[in-house]
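Here is the structure we will look at.
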Amino acid sequence: MGAGAAILLLGLLALALGVRVTHGGRVLPGVRVDGVGLGGLSPAYARRRLEALAAEAAGRPLALVARDERIAIAPRQAGYVADVRRTVEQAMDAGRGGPLDGLASTLLGLFVARDLPLAQHVDRRRLERTVASIAGRLGHPSSPGELVVDPATLAVSTTAPRSGREVDRAALTSRLTRALRTRSRARVAVPLRTRPVAGRAAVDRVARAARGYLREPLRLTGAGEPLDVSPTRLAGVLALVSRDGGRRVRLGAGDAPLETLVGQIAARRDRPARDARIEAAARVVTLDAKGDASWRPRAAHVRVLAPARSGRTIDRTKLTAAIEAAIREGRHAIALPLRHDEPAVSAKAVRRMDSLIGTFTTYYVPGQPRVTNIRQIARDVDGTIVAPGARFSLNAAAGQRTKDGGYVEAPFIADGRIEPSIGGGVSQFSTTLYNAAYFAGLQIDGHRPHSFFIDRYPAGREATVNFPDIDLTWTNDTRAPVLVRTSTDAGSVAVSLYGHNGGRRVSAHAAARVPLDDGDFAITVTRVVRYADGRVARQPFTTRYDEPPDEH
C-alpha cells in the first residue's frame, strides 16, 4: 500500500471515528426505515417519527373482495402490530457492527443509504377472530329443505333447498397474513366454497314418502296389548333427514320429537321389578354387651307378605333406532325391544333367609329430646332390604334429618363440642346398627367413632353419623338378602338383621385401655369371624378418644 493510500485510509477511519463520536446516542447517518430518514436523531425523536409511520401502516384500510361484496378492515383490527420500540433499537444498532469495531460500516453509511424494515408482527388470535367474523358475515349455511306436516289435516309441504357458501378460513388467514406483513394496497380476494345440496325433485320425493307413511298408524307389539302410534302423533315426528352435507335427503325422524315419543312409549310399557315384601320379628333376643362378647346365628322365620314380580324395561336406544328404520323403510310394525329385570329379593332368595344373623341393643334415658330422634330414625330404616352384594348406607336409608321428617333439636357433638342440632342423638342408633352388622360378620366399609368416649356405648365399638359427611356403611357380602328390623321402647333401641351368612360366628375381644395425655386413651377391639369352612379372620380396630368436655 502506498503512502497516499495509507493516508487516505487513515483519513477515512478518522472521519468514521468522528461520526461515531458526534453521533453518540443518536442514529448514524444514512439509516432509513421505509424511506423515512432517521440519521442524527435521538431515540426519542426517531420513535416519534416512526410512530407516525406505524399509525399510517396500522390504520390504512385493507380491502377484501368476495364476489359481489366488499369489506374494508383496519390492519390493527386484523392483528397487525408495528413494533416501534424494536425498530428504534435496530436503527440505533445499524452501522455500529462489523470489522474495525464497526468503523467500516459507519463510514459506508456516509455514502450509501441503509434501509431497514419496520419491525412488525401479526397477532394470531386477533387475526383468527377477524377471519371468523368475516366468515360469519360472508358465509351462509346450506339448507336441504324442510318437511312441514300439519297435524290437524296431515297435509305435507316443504321448503325449498338452498346451497350454502362458506369461507375457506385457512386460505383467508394465509392471504391476510401476507397482505399485512407486506402492507399491500392490493385487494385481498376472500376464498369461498359452495356447499351444494340435493335438488327440489329429491325434496319432493321425501314429501311423497311422508304422505304415504301417514296413511296408517305405527303398531308396536311385544309388551301387553299392541300399542298404535296414530298418524297425528307421527306427524310431529317425521322429518327430512340430510346426508353427505345435504347432497342426499330421505324421510326420517327429528331427534327431539322422536326422543319425546320414545319416552312416552316407555312410560306406558315399562314395568319395574318388585321385590318380595317380607316381615320378621323386630326383637327376639337381646345382645347388649359393652365388653367382650360372642354371637352365632339363630334360626328364624321370615314371612312373605307379598310376592316378588319380575319387571320389564323398554330399551330406549334400540326403540329409537327401530322407529327410525321403520320410517325410512316404510314399515308400520315394530316389536318393542325389551329388557327383563329380575327383583333383587325374590321368593327363592327369601327361602334362604332362615336366620337372625346379628342383633344389638343399646339403652337411653326416657323422655329426652334425643329419644324422639332415635325412635324416628329407627322407623325410617325399619324394613330396609339389602340385596346380596349391595352396600348399605345409613344416610341414604334414613335421609337428611329435618323437622318436617319428625326430628327435633337435641345435643350433638360437633368438633369436640356439644351443640344443639336437629336430629341430635341419632348416633346411638348408628352405634346399635353398627354392632348388629359387626356381630353378623358383615363387611364393614366405613364408620367413624365419636371423638370422646361415651359410657353408654361399647368402648371401641361405636359409630357416629351426620348427614351428609359422616356415614355408616356396610356391604351384604352373603348370598342371601339382609332384612333390617328395628324396635324401640321407653328405654332402649334394638336392631335385628335377618338373612343367611353361611353360619359365621363372631366374637369381640377388647384389649386393655392405653392411657394417653390429658385424660385421653386408646383401645383396640379385635373382631374374630369364624366361617363354616374353617377360615378365621381377625380384624383389629384401634380407637383413640380425646378428653370429654365437662358435660356429655
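The values are calculated or read from the model by the stated rules, or taken from the named source; none is laboratory data. All values reported here derive from a predicted model rather than from experimental measurement. Here the Cβ is made from the backbone with ideal geometry for all residues, glycine too, and neighbour counts use every protein chain on show. SASA here: full protein model, heavy atoms, side chains in, ligands and nucleic acids out. Shrake-Rupley method; radii C 1.70, N 1.55, O 1.52, S 1.80 Å.
Points to keep in mind about this one:
- Index of the failed condition, ARG162 passing every other in (1) open to solvent by 60 Å² or more (accessible area, probe 1.4 Å); (2) more than 39 Å from the chain's Cα centre (by Cα): (2)
- Matching residues in region 429-464 - criterion: being of a type in the set (Val, Ile, Thr) and at pLDDT 95 or above: THR431, THR432, ILE444
- Considering (1) open to solvent by less than 30 Å² (accessible area, probe 1.4 Å); (2) over 22 Å from ALA390 (Cβ atoms), the lone condition that VAL350 does not fulfil carries the number (2).
- Residues located in region 366-400, provided they are assigned to a helix (DSSP H, G or I) and among the aliphatic types (A, V, I, L, M): VAL371, ILE374, ILE377, ALA378, VAL381, LEU394, ALA396, ALA397, ALA398
- Meets criteria (part of a loop (DSSP other than H, G, I, E, B), open to solvent by less than 70 Å² (accessible area, probe 1.4 Å) and out of contact with any Lys or Arg (no Cβ under 9 Å at 6 or more places or on another chain)) for LEU234: no
- Considering residues of region 482-530 that are in contact with a strand residue (DSSP E or B) (Cβ under 7 Å, 6 or more places away or on another chain) and in a loop (DSSP other than H, G, I, E, B) only, the residue nearest to THR286 (Cα to Cα): GLY491
- Test: ALA78 is crowded, with 18+ Cβ neighbours inside 10 Å and aliphatic (A, V, I, L, M): yes
- Of all the criteria given as (1) within 19 Å of ALA436 (Cβ to Cβ); (2) open to solvent by 80 Å² or more (accessible area, probe 1.4 Å); (3) of a type in the set (Lys, Arg); (4) touching a residue at least 40 places away in the same chain (Cβ under 8 Å), the one not satisfied by ARG513 is (1).
- Residue in region 428-450 that is touching a Lys or Arg at 6+ places or on another chain (Cβ under 7 Å) and over 21 Å from THR524 (Cβ atoms) present: no
- Screening region 299-328 for residues that are closer than 23 Å to ASP270 by Cα and in a loop (DSSP other than H, G, I, E, B) and picking the one that is nearest to the chain's Cα centre (by Cα) gives ASP315.
- Residue check: SER294 meets all listed conditions (1) outside any strand (DSSP E or B); (2) in contact with a strand residue (DSSP E or B) (Cβ under 8 Å, 6 or more places away or on another chain); (3) hydroxyl-bearing (Ser, Thr, Tyr) but one, namely (1).
- Within the set ARG129, ARG125, the sole residue that is open to solvent by 90 Å² or more (accessible area, probe 1.4 Å), at pLDDT 90 or above and within 20 Å of ASP83 (Cβ to Cβ) turns out to be ARG125.
- Yes/no for ASP445 being touching a residue at least 24 places away in the same chain (Cβ under 8 Å) and outside any loop (DSSP other than H, G, I, E, B): yes
- A single entry from ARG86, ARG67 fulfils the requirement of being open to solvent by 60 Å² or more (accessible area, probe 1.4 Å), at pLDDT 85 or above and either over 42 Å from the mean Cα position of the chain (by Cα) or within 17 Å of LEU38 (Cα to Cα) (or both): ARG86.
- Check on VAL386, within 13 Å of THR488 (Cβ to Cβ) and under 35 Å from the mean Cα position of the chain (by Cα): no
- For SER421, the conditions (1) outside any strand (DSSP E or B); (2) crowded, with 18+ Cβ neighbours inside 10 Å are fulfilled apart from (1).
- Hits in region 145-159 (condition: small (Gly, Ala, Ser) and either surrounded by 13 or more Cβ atoms within 10 Å (Cβ to Cβ) or farther than 22 Å from SER230 by Cα (or both)): GLY145
- Which listed residue is at pLDDT 90 or above, open to solvent by 50 Å² or more (accessible area, probe 1.4 Å) and in a strand (DSSP E or B), from ARG219, ARG283, ARG268: ARG219
- When restricted to residues that are assigned to a loop (DSSP other than H, G, I, E, B) and surrounded by fewer than 22 Cβ atoms within 10 Å (Cβ to Cβ), region 458-477 contains 6.
- Candidates THR221, THR194, THR232 - the one that is closer than 21 Å to SER157 by Cα and among the β-branched types (Val, Ile, Thr): THR232
- Just one of the listed residues (SER142, SER174) is modelled with pLDDT of 90 or more and under 39 Å from the mean Cα position of the chain (by Cα), and it is SER174.
- Cβ-Cβ under 6 Å pairs, at least 6 apart or on other chains, region 119-137 side in a helix (DSSP H, G or I), far side open to solvent by less than 50 Å² (accessible area, probe 1.4 Å): ARG126/GLY79; LEU127/ALA78; LEU127/GLY79; THR130/ALA78; VAL131/LEU172; VAL131/THR173; ALA135/VAL167
- Within region 166-176, tally of residues that are in a strand (DSSP E or B) and either open to solvent by less than 30 Å² (accessible area, probe 1.4 Å) or of a type in the set (Val, Ile, Thr) (or both): 1
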